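In what follows, a single structure is set out as structure tokens and then discussed.
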Amino acid sequence: MVKSELPSPYAFLDYRRFLADWFAAKKALNPRFSHRAFARRAGQKNPSLLLQVIEGRRNLTDATTEAFAKALGLRAGEAQFFRLLVAFDQATAAEVRNQVW
């Protein structure tokens, strides 16, 4: 697998879209890659967590955001941008969204 073939979080304003596109690219590179494999990489017990997040049925916590960044193999700057995308999307107050932006 060549990391450069995976999408960069910098190309997205929606972290759920980034996760969906990242998973699709990873699956294209390795057809055996699964939601269960991602959950193992993220240290999560729920194999459907990624799908639930992508579909908007679950949000990421601070801990799962960090676990996902690690499982995605993001470098420091990419991981920080991913955290900001999550914070922006999940902010409930306009003031917080503006601050994150």
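The values are calculated or read from the model by the stated rules, or taken from the named source; none is laboratory data. This one's a predicted model, so the numbers in the text were calculated from it and none came from an experiment. Glycine gets a Cβ as well: all are built from the backbone with ideal geometry, and neighbour counts include every protein chain shown. Areas reflect the complete protein model, heavy atoms only, side chains present, ligands, DNA and RNA absent. Shrake-Rupley method; radii C 1.70, N 1.55, O 1.52, S 1.80 Å.
Gain in length, Arg17 to Lys70, computed as 0.36 nm per residue apart minus the alpha-carbon separation, to one decimal in nm?
17.3 nm
Counting only heavy atoms of protein chains, what accessible area per residue, in Å², does the chain have with a probe of 1.4 Å?
Ligands and nucleic acids excluded, the figure is 61 Å² per residue.
Just how large is the dipole of the stretch 1-86 about the Cα centre, in debye to the nearest 20, putting +1 at every Lys and Arg Cβ and -1 at every Asp and Glu Cβ? Walk me through the intermediate numbers first.
Numbers: 15 positive and 7 negative charges, 76 e Å.
Value, rounded to 20: 360 debye.
Using alpha-carbon pairs under 8 Å, 6+ residues apart, how would you state the relative contact order of the chain in percent?
Relative contact order here is 26 percent.
Placing +1 on the Cβ of each Lys and Arg and -1 on the Cβ of each Asp and Glu in the chain, which of Phe33, Leu51, Val96 has its Cα farthest towards the positive end of the resulting dipole?
The one lying farthest along the dipole's positive direction is Phe33.
Quick one: how many Å² of Tyr10 are accessible to a 1.4 Å probe, rounded to 10?
130 Å²
Projected onto the charge dipole of the chain (+1 at Lys/Arg Cβ, -1 at Asp/Glu Cβ, origin at the Cα centre), which of Phe12, Leu85, Gly73 gives the Cα projection farthest towards the positive end?
Gly73
Can you divide the C-alpha Rg of the chain by 2.2 N^0.38 Å and report the result to two decimal places?
On the way: Rg = 13.2 Å, N = 101, 2.2 N^0.38 = 12.7 Å.
In units of the 2.2 N^0.38 Å rule of thumb, it is 1.04.
Would you calculate a helix-derived [θ] at 222 nm for the chain, using -39,500 (n - 2.57) for each DSSP H run of n ≥ 4 and dividing by the full residue count, to the nearest 500?
-18000 deg cm²/dmol
What span do the alpha-carbon atoms of the stretch 1-44 cover on each of the three principal axes, reported in whole Å from largest to smallest?
Taking max minus min along each principal axis of the Cα atoms, the stretch 1-44 gives 26, 23, 13 Å.
Ignoring any ligand, DNA or RNA, what whole percent of the accessible area of the stretch 18-77 comes from carbon and sulfur when the probe is 1.4 angstrom? Display every interim value, and only then the final one.
Values: 1720 of 3370 Å².
Answer for the stretch 18-77 is 51 percent, counting heavy atoms of protein chains only.
Once you place label points 7 Å from the Cα toward the Cβ at Phe33 and Ala91, how far apart are they in nm?
3.0 nm
So for Arg83, Arg32, what's the accessible-area order with a 1.4 Å probe, most first?
My answer, sorted largest first, is Arg32, Arg83.
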